[in-house]
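Asks: Quick one: the structure is below, questions incoming.
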Ligand SMILES: [Zn+2]
């Protein structure tokens, strides 16, 4: 190489270097949010990826392997935790995928999301419930790979949630009392996208709601929920809020119907991210089961009464989960851009939390 060429090459390297610096200033949370959506397409769109993954099917098993492959590709050593359960008299099997990123402290923050889906017969591909929870956590795992965060972060991808939170129960049951003591917080992502409003819930202040084997251990400490609400108010995202109180459920408190419950029963403060709409007078009142006021998801929605035009004949009730709307193509028709935006929010929030959980 002569001198002129050498100088030219050095100049080029310099220019390319500058370009690299420019791309490095991109917000890593923006990058992670966009990856979360890309992985959601791979996971939940059956025309290009896995699609529906009903509990107990081969597709559920394949999804666990897909999650494991993704994590392995980013340098993790994920563990498949097999478990069995009985359903309608039949012995069934499933597995959790568990991965740990050691932190400065060996005290642990658990992030969890179930990867099985339901409503296959009506056309659901489990995009919002709970593909988005899974791929949001995957994008977080990718973004923090190789980093040393303040606390050890463990991500658990649960199987068999839709038939009664079997994966989270099996995971918690597998822990020794010392391992349980090390867990400072658990955040459950179950349908973090889809509905009109982003909420974070804590466990219920009435321990009887959770039916724990040992109620004396139960925790409903709302500190993880409150930390997440406050982190979501720091800009660059839609703030998450507390749901208003409704009969039996004080403001911001939820029931035991998802994977946070087994952790609360062991005295671990929990939080639960959920996108729905508690401002609708749904089939059973203002209980958050109706997710949207969008007319497309009602036979007829009446904005004045915040309910169905005719409560006796309504069949849809604004529900996305477990319906034909829980797939990316239908969601994009009805709510253009909503999933992309909401998955970016849940991913950004989880990244903020693992970097500064305030525990
Ligand atoms: Zn779910």
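The values are calculated or read from the model by the stated rules, or taken from the named source; none is laboratory data. Computed from a predicted model, the values in this text were never measured in an experiment. Counting neighbours? That spans all protein chains shown, and the Cβs are built from the backbone with ideal geometry, glycine included.
Asks: How about the range 113-133: which of its residues are over 15 Å from residue 164 (Cα atoms) and either within 9 Å of the ligand (Cβ to nearest atom) or assigned to a helix (DSSP H, G or I) (or both)?
Replies: The answer is 120, 121, 122, 126, 127, 128, 131, 132, 133.
Asks: Given the conditions (1) over 21 Å from residue 114 (Cβ atoms); (2) modelled with pLDDT of 95 or more; (3) in contact with a helix residue (DSSP H, G or I) (Cβ under 8 Å, 6 or more places away or on another chain), report the number of the one that residue 208 does not fulfil.
Replies: (2)
Asks: Looking only at the range 41-79, count every residue that is closer than 20 Å to residue 353 by Cβ and outside any loop (DSSP other than H, G, I, E, B) and tell me the total. Please lay out each step first, then the result.
Replies: In the first step, residues of the range 41-79 are kept if they are closer than 20 Å to residue 353 by Cβ; the result is 71, 74, 76.
Pick out the ones that are also outside any loop (DSSP other than H, G, I, E, B) and you get 71.
Going through the range 41-79 one residue at a time, the tally reaches 1.
Asks: Can you name the number of the only condition in (1) touching a helix residue (DSSP H, G or I) at 6+ places or on another chain (Cβ under 7 Å); (2) within 21 Å of residue 227 (Cβ to Cβ) that residue 274 fails?
Replies: (1)
Asks: I would also like to ask the following. Cβ-Cβ under 7 Å, sequence separation 6+ or interchain: first residue in the range 270-293 and free of Cβ contacts under 8 Å to residues at least 60 places away in the same chain, partner surrounded by fewer than 21 Cβ atoms within 10 Å (Cβ to Cβ) and outside any loop (DSSP other than H, G, I, E, B). Which pairs?
Replies: Close Cβ pairs (under 7 Å, with a partner that is surrounded by fewer than 21 Cβ atoms within 10 Å (Cβ to Cβ) and outside any loop (DSSP other than H, G, I, E, B)) amount to 285/246; 286/246; 287/246.
Each row is one residue, and each column tells you yes or no for (1) touching a residue at least 40 places away in the same chain (Cβ under 8 Å); (2) more than 30 Å from residue 105 (Cα to Cα); (3) touching a strand residue (DSSP E or B) at 6+ places or on another chain (Cβ under 8 Å).
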position: 248; (1), (2), (3): no, yes, no
position: 268; (1), (2), (3): yes, no, yes
position: 304; (1), (2), (3): no, yes, no
position: 312; (1), (2), (3): no, yes, no
position: 335; (1), (2), (3): yes, yes, no
position: 342; (1), (2), (3): yes, yes, yes
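Asks: Step by step: first the residues of the range 134-163, then only those that are more than 12 Å from the ligand (Cβ to nearest atom) and either within 10 Å of residue 112 (Cβ to Cβ) or without any contact (Cβ under 8 Å) to a residue 60 or more places away in the chain (or both), then the one that is surrounded by the most Cβ atoms within 10 Å (Cβ to Cβ). Which residue is that?
Replies: Ranking the qualifying residues of the range 134-163, first place goes to 157.
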